[in-house]
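Worksheet for the structure shown next.
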Amino acid sequence: MLSSTTEDRNETRMTDRVTRLKAAVQESAPGICTERALIWTRYHRHPANRRKPAAIQMAEALQRVLTQKSIAIYPDELIVGNFTAKRVGGSLYPELHGLPMLEDLFKFPTRKTNPLQITRREQWDLLKIIPFWSRRWLGYRTYPTLGRRLRFILHQLRGEYYLINESGGIAHLAPDYARLINDGTDVIAAEARRRQAEAEPGSERAHFYAAVRIIAESLARFGERYARRAETMAARESDSVRRAELKAIAAVCRRVPRQPAASFHEALQAVFLAQIALNLESLDNAICPGRMDQYLFPFYARDLEAGILTPARARELVAAFCIKMAEIVPVFSERLTRIHGGMFNGQVVTVGGVDADGRDAVNDLSHLFLDVMDALRMRQPNFHARLHDGSPKTYRDRINAILAAGSNSPALYNDEIIVETMCRQGYRLEDARDYTGVGCVEPVSQGRSFASTDAALVNVPILLELALNEGRRFGTRCRTGVPTPPVSAMRAMADVRRAFEAQLEFQLTRLVDDLHAVERANRLYHPTPLTSMLLDGCLENGACSTAGGARYNFSGIQCVGPADAGDALFAIEQAVFRDRKISLTALFGQLRDDWPDPEMRSYFLRLPKFGNDDPAVDGWTRYVVERFNHILARFRNTRGGAYTTGLYSVTAHQYFGELTGALPHGRQQGQAFASGIAPVNGMDRQGPTALINSVNRLDFTQTANGINFNIKLDPFTLRGKTGRAGLNGLVQTYFRRGGMQMQVNVLDPEMLIEARDHPERHPHLLVRVSGYSAYFNDLTPAMQEEIIQRSCLAHG
Amino acid sequence: MQLDDTHPPTSVKGLVFDVQRFSLHDGPGIRTTVFFKGCPLRCRWCQNPESLRSRPEVAFYGENCQACFRCEAECPHGAIRRTPGRRVDFDGCDGCGRCVRVCPHEGLRQVGAWWSAEALVAEVLKDRDFFVDGGGVTLSGGEPFAQSPFLEKFLPSLKAAGLHVTVQTCGHFSWNHVAPLVPLVDLIYFDLKHMDPDAHACCTGAHNRRILENFTRLVATGARIEPRMPVIPGSNDDRANIRATARWLAQNDIETIRCLPYHNLGEAKGRRIGIKLEPLTVTDAVETAMARVQAAFAHEGIHAVIDD
Ligand code: SF4
Ligand code: SF4
């Protein structure tokens, strides 16, 4: 029986080693590492290499990286493996986003947000590879003819209507790490060899298996490099304790990932080495270890029983692993930062949930991961906690306590609705039950899905601008949408809807055309044998994941700005067709000229908005999501999978907002849209229960690619046992009624201070003042000070 | 919140100045708190001055006002002023709210609206799904029992819907009107401000005889009562008052009291509706006073819980 004591569970204090490791990572300025880009280029510069089949090129290039990149074992480390040559760093993928990424080459170290260190010499080295990749990067190769090629690149650079992320690589997956640690790479390579023998020589299939064999062996040798390094270091180490540790590291890396992991330590080490290699192969974005508490548990239990592991030691190893994850950062140009937010590469670790039979799967490791997460509070990994009706109380209590204390993590996921939604998309029940989030919020089956969950983002509100202007942007003559009737001919709300739907359909059709081309380019020029060997189905089918080899295939398309579009449509219905406050033509004039009449705008601003428990207006947001999903569901990707709808936007809601004209809900030109499924900025004025009632009006079986629902709560409200119980009540009610995901953010002092200094940024921040709640902006300076003081105390 | 009507009602309606959803510290579980407007007391430390008068009022938010004077043209009583920083002549204003509806900048807000029992029930039922773990509805104020004719219609509907009902009262009400309502209430928070009649009158503007009588009667009905005491350093936290309060509780077989710390938040809110509270001399830091009071109660054998 493996129930750890309460004392163990509440142990969030970290060992000195962990404190030092964390400090070392947090104090390192993130940098850019050129190694991958340069080795990759060197390999491809050889014309002979370029003539090899794509899968072989890929495997050999990655093999070169894994054998030639610099390796390091840092002081105090137990889990080893360095993603880049810098302690905290990112790699470049010139063959993927190549040129567009290098547009910032000389700005990286000095830019204001997320500066990345890079030396003159490194800049110069990168500059020299630009000509080679200028006609070989994936975006350039998407379309074969020059005309379409240029149009595609221009569209992507402007990105008014949609942004295709897949053209910079796919990634976004949770590998089958259970197989890696239970079988080891030799067993996988042997399977590939067997299957290759049956494949027709020279076929794509045979090449694929050959590539898998190359890369499986390279991964094993990558581990052995660290074993050798640890042995050398041990021989020179004067401190006997550290010497023993280095020897242990060497022993671990001698075995894994080549052989099945024989201990908890080995399992963690194997996963991390594969984590590095996968990031280097496919793109450093959302490569997710996933349900670690599940696939690691047998190792944990065995070691504990054998007396070679204690919970405290396990905690230290897990902490060491998590800190290593934070060493991996993405390299985004300023433009991409605006779309993807800063320094976030979405490596998800999921705990809890049900097992294949639907029974609760929470175990001691689930708690241990939560403890480590709470104690570390680092940027990565991104922690998710699954909940279901039968989640144990101790588990819920632990999560509620962590959230109420202001950790803002883990994000919460509802098994009931997610499993149902996945089954409707064609997942087998037991595979759906084995889901984990990847990236931000997207559910996939661990080790079985190639779901390209971040394929593209669509600017939905801008389509209303087109719908009101015959398929053109305000103030332009050139038509970029489909022709729809002028506003003067729109007699009823149904006419507006029809025009909006026509624009939506037109853009989604165009998007899918482009996506098909990008999918083909990925398959032709950027196959991913390492990824594929860790996804169920690829070996069996003899096909790379980019060619549809995985068991489940999808592409996730994000519907950005649903609440803005919904509120805007409601405003038209209410003001034009119900109250007859203004004619559609006059409203059109207001929008085209960005609200010349402030009073008219003020009227529109005050109309009901999504998020306030008003069924009439909430219904319009629901409508937008349903239409989006309905149209999208007609298409299939080239891997044979469906396009699914996601409701999260990272920071694209700001990017798209900047490009979009005025809209009827009182929004001015250029203002950011609401994030994810949030109400239009600060327009939820009735508190969390009303907001949840509104959100619960959406049908989340339509959003198979996941949603992001952020709720902000005042720490003062969440204080004490009562506060935690209240939080539990909110979550349970929301989930019981079909909610999908929720992220609880506790207002921190910084946010309040910002609200004090810039009231316009947080117009309706709700805080509690002695038993009643108030908008922060309504408080006098003295009261605001008191609230800030209070929240400082609550945050400790 | 839905504003029902700002004109005096024809049928029995309730005058409510706020409906606060997701209240966590006003009774068990997640609650919706209804703030009734109108109070028989005038506590010098009042933290909800907008709850005092039993009629609708308007509040002026000077920081939002753009001095456009649309409100001026709309006011039937000439109660709008052009003085900077002051818009409403609170003596002339009858709270009709016409100015609020025309103000484009949220410079004016209605405080208090007449609700029908049906509308108020519908409003609290919106959060019914959240009233798990003992949650429900809290009637606060102001003094909810001052609107007993309305409660006669409102409370039975809440009970019919199966909701847990908590009432927060200052105790100053007519027993004959309230007695029939008591069985419809699950929990009563009863404020005991001062045991000394003169001191009570001085702090709150009313004698405490009626309050203490009502307390005893309520206890006698067997209703679930939790006494509360707002601890105002320098006004009611002296040893003698604590001792007297403790004895009073002991006489009524009660062992616990909730102590509420004082926050000076009423003053700023009062200014918006033209209520000037006499500044209060607070003799002690709130935390020190709370600790002292708790110890003093313990000495008398009463368990004091510090609410926050
Ligand atoms: S209408 Fe509003 S903004 Fe204009 S003067 Fe009156 S209070 Fe001020
Ligand atoms: S609420 Fe007062 S100030 Fe406003 S219009 Fe009515 S009487 Fe005039």
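Think of each Lys and Arg Cβ as +1 and each Asp and Glu Cβ as -1; about the Cα centre, that makes the dipole of the range B:112-243 roughly 280 debye.
Quick one: net charge of A:Tyr734's neighbours, Cβ under 15 Å, K/R +1, D/E -1? Net charge around A:Tyr734: -1. Ranking B:Val12, A:Ile753, A:Ser391 by Cα position along the charge dipole of the protein assembly as shown, where only Lys, Arg, Asp and Glu carry charges on their C-beta atoms, puts A:Ile753 farthest toward the positive end. Pairs with C-alpha atoms separated by more than 26 Å, drawn from the list A:Lys69/A:Lys324; B:Lys126/B:Lys159; A:Lys22/A:Lys712; A:Lys86/A:Lys128, are A:Lys22/A:Lys712. Comparing mean-square fluctuations of B:Thr256, B:Thr33, B:Thr281 from a GNM of chain B with C-alpha springs under 10 Å, the top value falls on B:Thr281. The spacing between the range A:273-341 and the range B:250-308, judged by their C-alpha centroids, is 51 Å. Per residue of A:599-606, other chain Cβ atoms within 10 Å of the residue Cβ number 2 on average. Sequence-distant contacts, meaning Cα pairs under 8 Å at least 6 residues apart, place the relative contact order of the range A:618-703 at 30 percent.
Distance between Cα centroids, the range A:460-536 to the range A:117-161: provide it in whole Å. Each part reduced to its Cα centre gives a spacing of 24 Å. Inter-chain neighbour count for A:725-735: the average number of beta-carbon atoms from partner chains within 10 Å of each residue's beta-carbon is 5.
What separates the Cα centres of the range B:120-170 and the range A:540-568 is a distance of 47 Å. Between chain A and chain B, the total buried accessible area stands at approximately 3000 Å², from heavy atoms with a 1.4 Å probe. Measure off, as a whole percent, the carbon and sulfur share of the 1.4 Å-probe accessible area of chain A, all protein chains present. Roughly 51 percent of what the probe reaches on chain A is carbon or sulfur.
When chain A is described by a simple charge dipole with +1 on each Lys and Arg Cβ and -1 on each Asp and Glu Cβ, the residue from A:Pro53, A:Pro527, A:Leu78 located farthest towards its positive end is A:Pro53.
The angle separating the long axis of helix A:562-571 from the principal Cα axis of greatest extent in chain A is about 10 degrees. Using C-alpha pairs under 8 Å with a sequence gap of at least 6, the mean separation divided by the residue count of chain A gives a relative contact order of 13 percent.
Computed from point charges on the beta carbon alone (+1 for Lys and Arg, -1 for Asp and Glu), the dipole magnitude for the range B:57-111 about its Cα centre is near 160 Debye. List the pair-distance distribution P(r) of chain B, using every Cα-Cα distance, as the percent of pairs falling in each 10 Å bin from 0 up to the bin containing the longest distance, rounded to whole percents. Each 10 Å bin holds this share of Cα pairs: 6, 25, 32, 24, 11, 2, 0. The residue among B:Gly266, B:Gly62, B:Thr83 whose Cα reaches farthest toward the positive pole of the charge dipole of chain B, with charges on the beta-carbon of Lys, Arg, Asp and Glu, is B:Thr83. Here is how the number arises for chain B: DSSP H runs of 4 or more residues each give -39500 (n - 2.57), the sum is divided by the residue count, and the result at 222 nm is -8500 deg cm²/dmol.
Carbon and sulfur atoms: what percent of the 1.4 Å accessible area of the range B:57-111 do they account for? Result for the range B:57-111: 45 percent of the exposed heavy-atom area is carbon or sulfur. For chain B, the solvent-accessible area of protein heavy atoms averages 42 Å² per residue (probe radius 1.4 Å; ligands and nucleic acids excluded). To the nearest ten degrees, helix A:297-306 and the longest principal axis of the Cα atoms of chain A are 40 degrees apart.
So which residues of the range B:13-56 lose at least 40 Å² of accessible area, probe 1.4 Å, when you go from the chain by itself to every protein chain present? So the qualifying set is B:Gln20, B:Arg21, B:Phe22, B:Leu24, B:His25. For chain A, the solvent-accessible area with a 1.4 angstrom probe is 35 square angstrom per residue. Other residues within the sphere of radius under 9 Å centred on the Cβ of A:Ala456, judged by their own Cβ, net out at -3 (K and R +1, D and E -1). Binning the C-alpha pair distances of the range B:57-111 at 5 Å intervals from 0 yields a P(r) profile of 4, 25, 39, 26, 6 %, listed from the shortest bin outward.
Using Cβ point charges alone (K and R +1, D and E -1), the dipole size of the protein assembly as shown about the Cα centre works out to roughly 3060 debye. Over the range B:57-111, Cα pairs under 8 Å with separation of 6+ residues give a relative contact order of 52 percent. Sites listed here are GluC sites (Glu not before Pro) in the range A:218-250 whose DSSP assignment is loop and whose Cβ has at most 16 other Cβ atoms within 10 Å: A:Glu237. Evaluating 6.51 cos²θ - 1.76 cosθ + 1.60 at θ = phi - 60° for every residue in the range A:45-53, the Karplus couplings come out as 5, 6, x, 4, 5, 5, 8, 6, x Hz, glycine and proline recorded as x.
Taking each DSSP H run with n ≥ 4 as -39500 (n - 2.57) and averaging over every residue of chain A yields -15500 deg cm²/dmol at 222 nm.
Compared with the dominant principal axis of the Cα atoms in chain B, helix B:286-299 is inclined by about 30°. Shielding of peptide B:116-127 by partners, expressed as the average count of other chain Cβ atoms within 10 Å per residue Cβ, is 1. Its Cα gyration tensor gives the protein assembly as shown an equivalent ellipsoid, and the semi-axes of that ellipsoid, as √(5λ) in whole Å with the largest first, are 58, 37, 24.
For the listed peptides A:490-500, A:171-181, A:534-544, B:291-301, a ranking on the average number of other beta carbons within 10 Å per residue, highest first, reads A:171-181, A:534-544, A:490-500, B:291-301. Along the range B:169-174 the Karplus relation, 6.51 cos²θ - 1.76 cosθ + 1.60 evaluated at θ = phi - 60°, assigns HN-Hα couplings of 10, 8, x, 9, 8, 7 Hz to successive residues, with x for each Gly and Pro.
The values are calculated or read from the model by the stated rules, or taken from the named source; none is laboratory data. Here the structure is a predicted model, which is why all the values come from computation and not from measurement. We place every Cβ from the backbone using ideal geometry, glycine too, and count neighbours over all the protein chains shown. Protein only, heavy atoms only, side chains kept; ligands, DNA and RNA dropped before computing areas. Shrake-Rupley method; radii C 1.70, N 1.55, O 1.52, S 1.80 Å.
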